[in-house]
Amino acid sequence: MKILYFAKLKQLIGKSEETICIKQKKKISQVINELKKRNDIYDFAFKETNSLQYAVNCEYVDLNFVITDSDELAIFPPVSGG
Amino acid sequence: MKILFQRKKFIESDFINKFSLNNKNSGAIFSFIGKVRPKNQNNKVLSIDIELYEKMAHFQIKKIINKLMKKYFIDDYLVVHRYGRVKPRENIVLIVVASQHRKESFRFGEGLMDWLKVKATFWKKENFANGSEWVDQKETDKKFIDFSL
């Protein structure tokens, strides 16, 4: 599954995207908990998960949304365009 | 009926004049321009960098346009939004709407801009002489959007 990071989150993690393999359906919150275990950088970046926004295949979703390996997950701070 | 994302700076009149000519039978043309303010709380803004998740921004803008088109009868629309580096006083966003009567254009344009502010995937970073800062979404922007759409 492809994960995209934007803005401040991209800056904190140090990359704009990565691919992870999820063998079975999972909630976004579970994926994030696994990422947090990787190292201090991820742990810090995902410290306040409620202040981030989540989108699967371009639709806004919440942390309880269930994703599969074929989805594109985007994680980012609230938008500030216009 | 176009949505354009571009790095290049633009002059609003180029788009508005062409749009107006293309919609010569419309009775109303609404336009809104969002620009870079040269100062933020007394700090001089040197430039802003706009990051874009293009696929989603397009998807979200089209989604609200489709909803607004069911509510308001309009003839045409144009959305232009810049990304990359933008300097103070330059245009960031342009929305132009054509309709037979003014209220349809006003309401469509306002509804579209309100949604764009909280749903379209752009992020601004302001660059100052002593560093840079990501711009937070304003709480007040969320109050304007019509959740019934």
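The values are calculated or read from the model by the stated rules, or taken from the named source; none is laboratory data. Owing to the predicted nature of the structure, the values given are computational and were not obtained by experimental measurement. Note that each Cβ is placed from the backbone with ideal geometry, even for glycine, and that neighbours are counted across all protein chains shown. These accessible areas exclude ligands, DNA and RNA; they are computed on the full protein's heavy atoms, side chains included. Shrake-Rupley method; radii C 1.70, N 1.55, O 1.52, S 1.80 Å.
Scan segment B:124-144 for residues that are at pLDDT 95 or above and touching a helix residue (DSSP H, G or I) at 6+ places or on another chain (Cβ under 6 Å) and the total you get is 1.
For segment B:109-130, how many residues meet the condition of being within 18 Å of B:LEU52 (Cα to Cα) and part of a strand (DSSP E or B)? Selection size over segment B:109-130: 6.
Every condition in (1) touching a residue at least 60 places away in the same chain (Cβ under 8 Å); (2) out of contact with any Phe, Trp or Tyr (no Cβ under 8 Å at 6 or more places or on another chain) holds for B:ASP136 except the one numbered (1).
Identify, please: which residue in segment B:67-119 is among the hydroxyl-bearing types (Ser, Thr, Tyr) and in contact with a helix residue (DSSP H, G or I) (Cβ under 6 Å, 6 or more places away or on another chain) and is, among those, farthest from the other protein chains (Cβ to nearest Cβ)? Steps first, please.
As a first pass, look at segment B:67-119 and keep what is among the hydroxyl-bearing types (Ser, Thr, Tyr): B:72, B:77, B:83, B:99, B:105.
Cutting the leftovers down to in contact with a helix residue (DSSP H, G or I) (Cβ under 6 Å, 6 or more places away or on another chain) gives us B:72, B:99.
On the way: B:TYR72: 20, B:SER99: 22 Å.
Here the answer is B:SER99.
Pairs linking a residue in segment B:101-128 that is within 22 Å of B:PHE30 (Cα to Cα) to a residue that is open to solvent by less than 10 Å² (accessible area, probe 1.4 Å) and of a type in the set (Ser, Thr, Tyr), with Cβ atoms under 6 Å and 6 or more positions apart or on different chains, are B:SER105/B:SER99. If you filter segment A:69-82 down to residues that are touching a strand residue (DSSP E or B) at 6+ places or on another chain (Cβ under 8 Å) and away from chain B (no Cβ under 11 Å), you find that the one that is farthest from B:VAL79 (Cα to Cα) is A:ASP71.
Residue pairs, Cβ under 7 Å, 6 or more apart or interchain, first in segment B:28-41 and closer than 19 Å to B:GLU126 by Cα, second assigned to a strand (DSSP E or B) and open to solvent by 60 Å² or more (accessible area, probe 1.4 Å). List them. Short answer, once both residue conditions are applied: B:PRO38/B:LYS44.
Looking at segment B:120-148, which of its residues are within 10 Å of another protein chain (Cβ to nearest Cβ) and among the aromatic types (Phe, Trp, Tyr)? Those that are within 10 Å of another protein chain (Cβ to nearest Cβ) and among the aromatic types (Phe, Trp, Tyr): B:PHE122, B:TRP123, B:TRP134.
Being more than 12 Å from every other protein chain (Cβ to nearest Cβ), open to solvent by 80 Å² or more (accessible area, probe 1.4 Å), over 22 Å from B:ASP136 (Cα atoms) and touching a residue at least 12 places away in the same chain (Cβ under 8 Å) is the requirement here; does A:LYS25 meet it? For A:LYS25, the condition - more than 12 Å from every other protein chain (Cβ to nearest Cβ), open to solvent by 80 Å² or more (accessible area, probe 1.4 Å), over 22 Å from B:ASP136 (Cα atoms) and touching a residue at least 12 places away in the same chain (Cβ under 8 Å) - is met.
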